[in-house]
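*Asks:* Next up is a structure, given as structure tokens.
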Amino acid sequence: MMADRVLAIGQTGDNVLESAVREHSRLVYRIAYSVLRNAAEADDAVQDTFLRMLRYGGKAAAIEDMKAWLARIAWRVAVERRGRLTKSAASHKLPSDDLASRSHGADRFLLETERKDALSRFIAALPDSLRDPLVLGAIEELSPREIAEVLDISEAAVRSRAFRARQILRERMTAWMGDRR
């Protein structure tokens, strides 16, 4: 796993790095993947995130909220990587779970698949300023305080932007469902 690769790079005696990797590597990966939508790129972003922590040195032990600090680094690393990548908008899809059981019939399965695809497209079409707080809160399950630290905005802005993003998504999904009937 990615955590083992990062640990092999760092000093194995560094308990702070080892603890951070073991406790937060999944969060760091989810954040990177939510930005990059590519498993290999997300793995590289995780490694870069913990390498930055390693370069931070002994000061890492003094960090009060390691989760939020690493989330912020992961977000910045992933956004930097995304800026360097030349990917089409079609590659920005949410990871999809098979929510509809095939035992409910082909019609229901198709409808659920279409809904998930439409929602993914609508989320991808949101401006970054609205999409980022929504994804970090709803999908990555970070608190508004943690999101504010990651995005370097106020908690009020996080709540306002997430509310507006949900409102836009609700309007678009309602219109899309109306067009489907």
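The values are calculated or read from the model by the stated rules, or taken from the named source; none is laboratory data. Just so we're clear, the structure is a prediction, and the values are computed from it rather than from any experiment. Heads up, the Cβs are rebuilt from the backbone with ideal geometry, glycines too, and the neighbour counts pull from every protein chain shown.
*Asks:* Would a scan of segment 103-114 turn up a residue that is in the same structural domain as L136 (by TED's automatic domain parsing), more than 19 Å from D132 (Cα to Cα) and at pLDDT 85 or above? Break it down stepwise before answering.
*Replies:* Just the residues of segment 103-114 that are in the same structural domain as L136 (by TED's automatic domain parsing), to begin with: 103-114.
Subset that is more than 19 Å from D132 (Cα to Cα): 103-114.
Retained after the next criterion (residues that are at pLDDT 85 or above): 114.
Among the residues of segment 103-114, at least one is in the same structural domain as L136 (by TED's automatic domain parsing), more than 19 Å from D132 (Cα to Cα) and at pLDDT 85 or above, which makes the answer yes.
*Asks:* While we're here: Select from segment 126-144 the residues that are of a type in the set (G, A, S) and buried (at least 18 other Cβ atoms within 10 Å of the Cβ) and list them in ascending order. Break it down into steps so the answer makes sense when it comes.
*Replies:* First, pick out the residues of segment 126-144 that are of a type in the set (G, A, S): 129, 137-138, 143.
Matches in segment 126-144: G137 only.
*Asks:* Separate question: With the requirement that a residue be surrounded by 15 or more Cβ atoms within 10 Å (Cβ to Cβ) and in a loop (DSSP other than H, G, I, E, B), what does segment 45-74 give you?
*Replies:* I63
*Asks:* Just to be sure I understand, how many residues within segment 33-44 are crowded, with 20+ Cβ neighbours inside 10 Å and at pLDDT 90 or above?
*Replies:* 1
*Asks:* Sticking with this one: Kindly list the number of the only condition in (1) in a helix (DSSP H, G or I); (2) exposed (fewer than 14 other Cβ atoms within 10 Å of the Cβ); (3) modelled with pLDDT under 90 that fails for I123.
*Replies:* It fails just one condition, (2).
*Asks:* Give all pairs with beta carbons closer than 8 Å in which a residue from segment 153-170 that is over 14 Å from P127 (Cβ atoms) meets a residue that is among the charged types (D, E, K, R) and surrounded by fewer than 20 Cβ atoms within 10 Å (Cβ to Cβ); count only pairs at least 6 apart in sequence or on separate chains.
*Replies:* Between residues of segment 153-170 that are over 14 Å from P127 (Cβ atoms) and residues that are among the charged types (D, E, K, R) and surrounded by fewer than 20 Cβ atoms within 10 Å (Cβ to Cβ), the close pairs are E155/R145.
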